[in-house]
Amino acid sequence: MAAAIGPDAAGRWLMHRRPVGKAHAGLWEFPGGKIDPGEGPREALAREIAEECGLALDPHAMCEVGFAADDPGAAGGPRPVLLLLIHCPTWSGEPRSLEGGEWRWLDRQEIRGLPKPPLDRELAARFFD
């Protein structure tokens, strides 16, 4: 999975609140999604963000900055998950909810206090604490 990170001009970061009926419903995450067969992480992230909130990202300006992985044996999950965090300094448009959930630009302090899924919590602690 690939997720975006990148501040706006005011230093705020885009976060997504998972919609009701989805895994981790109500929790806040770095926006992104699954990488389809044949896609690279940057292209997948650009596609997912366009589908979910209408922003256009520039894959050529992106840079991988970190990752978090779960241990499905410890959590009882069916498969391992690797979440790749990608810095996205260039985008256009305004986020809007195209597939459900809520979108907000938040500062580091606000993000620290949000309820998040485990991998997003780990990445937020690494980058914002």
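Some values worked out for this structure:
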| item | result |
| --- | --- |
| Residue within the range 79-94 that is over 14 Å from the mean Cα position of the chain (by Cα), within 18 Å of Pro118 (Cα to Cα) and among the basic types (Lys, Arg) present | yes |
| Hey, Arg12 under 20 Å from Pro115 (Cα atoms) and out of contact with any Ser or Thr (no Cβ under 8 Å at 6 or more places or on another chain) or not | yes |
| Test result for Leu114, within 20 Å of Arg18 (Cβ to Cβ) and part of a strand (DSSP E or B) | no |
| Residues of the range 84-126 satisfying the condition of being exposed (fewer than 15 other Cβ atoms within 10 Å of the Cβ), of a type in the set (Lys, Arg) and over 27 Å from His60 (Cα atoms) | Arg112 |
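So that you can scan it fast, the table gives a plain yes or no per residue for (1) closer than 21 Å to Ala9 by Cα; (2) modelled with pLDDT under 90; (3) aliphatic (A, V, I, L, M); (4) surrounded by fewer than 16 Cβ atoms within 10 Å (Cβ to Cβ):
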site	(1), (2), (3), (4)
Glu43	no, no, no, no
Ala56	yes, no, yes, yes
Ala68	no, no, yes, no
Ala75	no, yes, yes, yes
Leu82	no, yes, yes, yes
Phe128	yes, yes, no, yes
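The values are calculated or read from the model by the stated rules, or taken from the named source; none is laboratory data. As the structure is a prediction and not an experimental result, all values here were calculated from the model. Glycine also receives a Cβ, built like all others from the backbone with ideal geometry; neighbour counts cover every protein chain displayed.
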